[in-house]
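Participant: I'd like to ask you about the structure that follows.
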Amino acid sequence: MDTIGGINIIPENDPERIAALERYQIAGSQKETAFDSICRLACELFSVPISHISFLDADTEYVKAEVGMDGLERIGRAEGFCALAILQPEVMLIEDASENPVFANHPYVSGETMIRFYAAAPVITPDGFIIGTLCLIDRTPRKLNDKERELLQHLARVVMEQTELRNDNINLVEQRDRFIEIASHEMRTPLTALKASAQILGKKYPEGTGMVAQIDKSVQKLSGMVNDMFDTMRLTKTSFDLNRTSFILESLIKDCRDHIRLVGKKELIIEGDNQIKLSADREKVERVLINLIQNALKYAPSSPIILQTETLPGYVKLSTIDEGPGIPADKLPLIFRRYYRLDPKGIQTGLGLGLYIAAEIVKQHGGEIGVISEFRQGCIFWLTLPVAV
Ligand code: ADP
């Protein structure tokens with residue numbers, strides 16, 4: 001395992017090299033277009049049919065990007081040629097592998113892959129560790145002149161720069177998420193205290209009820225946002241724990257209607273059969289429905305709002321229907337994404353988290369969620385949930 005053609009492939013500094021690779025969280029990560037583009041560029045520049053970018057840890061070569069390798073994702077560290085290319089900082093060049101004593105009998109040379117030409121520039125971290133390679137492969141023998149060698153090395157430096165940028169981005173997102181998690185957690189306690197104080201104040205000074213109601217409304221709004229931020233951060237790490245119970249849909253719909261009467265001062269139109277028994281996390285499903293109805297109130301304030309139920313085999317389908325501004329077709333695929341807002345500069349405030357959280361809750365119940373909409377023709381947000389057996 002530790003040799004290729006009798007050559008030891010484990011450098012002395014391998015543990016430190018692997019630690020350097022781990023800093024970048026890139027081994028085994030998903031394909032990314034920036035790396036794919038570098039491979040495509042390499043194929044064009046050097047007129048080769050195959051190119052790949054690989055990162056090598058203790059036992060695996062992870063193919064981060066490739067052209068001409070049928071989507072290969074990983075091979076054993078000693079299976080390919082790259083384990084040798086990371087032993088030194090120069091370009092490793094094999095002009096004709098079938099003539100090379102180390103590689104002539106290698107399965108990639110004698111077998112149907114038929115590699116003849118192989119050139120690899122090491123990908124080197126700023127502190128000098130070789131974590132991967134940028135490779136060119138051809139099935140016919142070839143040469144590489146000095147200028148081409150330099151160009152290949154230069155492209156490998158671009159791979160490293162892209163790896164650095166990617167890492168900076170990951171770290172920034174982690175910092176942002178940590179900040180939101182701490183801030184939203186810390187804001188919950190004072191908000192609860194503020195809400196309680198407003199209620200006491202309202203009782204003590206009935207002449208100020210209007211102002212207290214205003215405080216209460218603002219605290220509610222703020223609490224909603226803080227809860228959404230807090231839940232989103234929990235969702236990025238783990239999923240929600242569901243507390244499933246069996247209940248009749250009617251009771252849930254009644255609670256939603258009461259909520260809307262209270263906050264929206266509007267009558268929710270209920271349609272369909274509500275006597276269905278669900279086995280679900282009642283609180284979370286209520287939160288999803290309230291979110292959809294509140295969105296309808298927010299974005300379609302002058303429209304009637306319908307909550308419709310429909311029974312399907314094994315499932316119940318719940319839809320909220322409004323006749324508001326709707327959503328343009330090209331924006332529909334984005335609507336359940338984290339932080340997505342159609343009109344971030346519009347008069348309606350929000351964080352773009354409600355639909356994301358709703359979708360996560362529905363998915364965790366084994367259901368589906370979606371939207372049907374036409375611009376200026378209103379929205380139908382629908383979701384399915386399994387019925388109790
Ligand atoms: P928020 O309301 O905080 O922006 P959501 O995730 O609940 O976040 O909604 C995301 C976006 O979807 C909203 O910003 C809005 O542009 C759009 N949207 C949601 N519901 C409706 C609706 N009923 N009608 C029109 N647009 C809607």
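The values are calculated or read from the model by the stated rules, or taken from the named source; none is laboratory data. None of the values given here were measured: they were computed from a predicted structure. Don't worry about glycine lacking a Cβ; one is built from the backbone with ideal geometry, like all the others, and counts go over all protein chains shown.
Participant: In the range 344-373, how many residues are within 11 Å of Ile327 (Cα to Cα) and within 11 Å of the ligand (Cβ to nearest atom)?
Facilitator: 2
Participant: Still on this model: Considering only residues of the range 374-389 that are more than 13 Å from the ligand (Cβ to nearest atom) and among the β-branched types (Val, Ile, Thr), which is farthest from Phe230 (Cα to Cα)?
Facilitator: Filtering the range 374-389 for residues that are more than 13 Å from the ligand (Cβ to nearest atom) and among the β-branched types (Val, Ile, Thr), the one farthest from Phe230 (Cα to Cα) comes out as Val389.
Listed here are the residues, each with its yes/no results for (1) part of a strand (DSSP E or B); (2) without any contact (Cβ under 8 Å) to a residue 24 or more places away in the chain; (3) out of contact with any Cys (no Cβ under 7 Å at 6 or more places or on another chain); (4) of a type in the set (A, V, I, L, M, F, W, C).
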residue: Arg40; (1), (2), (3), (4): no, no, yes, no
residue: His52; (1), (2), (3), (4): yes, no, no, no
residue: Ala65; (1), (2), (3), (4): yes, no, no, yes
residue: Gly80; (1), (2), (3), (4): no, no, yes, no
residue: Ala83; (1), (2), (3), (4): no, no, yes, yes
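Participant: Next question. Exactly one condition in (1) part of a strand (DSSP E or B); (2) on the phi > 0 side of the Ramachandran plot is false for Gly352; which is it?
Facilitator: Result: Gly352 passes all but (1).
Participant: Then there's this: Could you count how many residues in the range 264-298 are under 15 Å from Gly324 (Cα atoms) and either outside the structural domain of Ile369 (by TED's automatic domain parsing) or small (Gly, Ala, Ser) (or both)?
Facilitator: Looking only at that region, the number is 1.
Participant: Between a residue in the range 172-195 that is farther than 16 Å from Ser218 by Cβ and not assigned by TED's automatic domain parsing to the domain that holds Met229 and any residue that is hydrophobic (A, V, I, L, M, F, W, C) and part of a helix (DSSP H, G or I), which pairs come within a Cβ distance under 9 Å, given they are 6 or more apart or on different chains?
Facilitator: Note: no pairs meet the criteria.
Participant: Please indicate, with yes or no, whether at least one residue in the range 115-132 is without any contact (Cβ under 8 Å) to a residue 12 or more places away in the chain, on the phi < 0 side of the Ramachandran plot and assigned by TED's automatic domain parsing to the domain that holds Ala42.
Facilitator: no
Participant: Report, by residue number, each residue of the range 303-343 that is among the charged types (D, E, K, R) and either within 12 Å of the ligand (Cβ to nearest atom) or in a strand (DSSP E or B) (or both).
Facilitator: Listed by number, the residues that qualify are Glu310, Lys317, Asp322, Glu323, Lys331, Arg337, Arg338, Arg341, Asp343.
Participant: Somewhere in the range 262-283, is a residue of a type in the set (Lys, Arg) and closer than 20 Å to Ile380 by Cα? Can you show your working first?
Facilitator: If we filter the range 262-283 for residues that are of a type in the set (Lys, Arg), which is where we start, we get 265-266, 277, 282.
Imposing the further condition that a residue be closer than 20 Å to Ile380 by Cα reduces the set to 266.
Yes: the range 262-283 contains one or more residues that are of a type in the set (Lys, Arg) and closer than 20 Å to Ile380 by Cα.
Participant: Separate question: In the range 1-38, what residues are assigned to a helix (DSSP H, G or I), of a type in the set (A, V, I, L, M, F, W, C) and either surrounded by 13 or more Cβ atoms within 10 Å (Cβ to Cβ) or in contact (Cβ under 8 Å) with a residue 12 or more places away in the chain (or both)?
Facilitator: Ile18, Ala20, Leu21, Ala34, Phe35, Ile38
Participant: Let me ask something additional. Return yes or no: is Glu44 in the same structural domain as Asn105 (by TED's automatic domain parsing), crowded, with 23+ Cβ neighbours inside 10 Å, charged (D, E, K, R) and not in a loop (DSSP other than H, G, I, E, B)?
Facilitator: Against the criterion (in the same structural domain as Asn105 (by TED's automatic domain parsing), crowded, with 23+ Cβ neighbours inside 10 Å, charged (D, E, K, R) and not in a loop (DSSP other than H, G, I, E, B)), Glu44 does not qualify.
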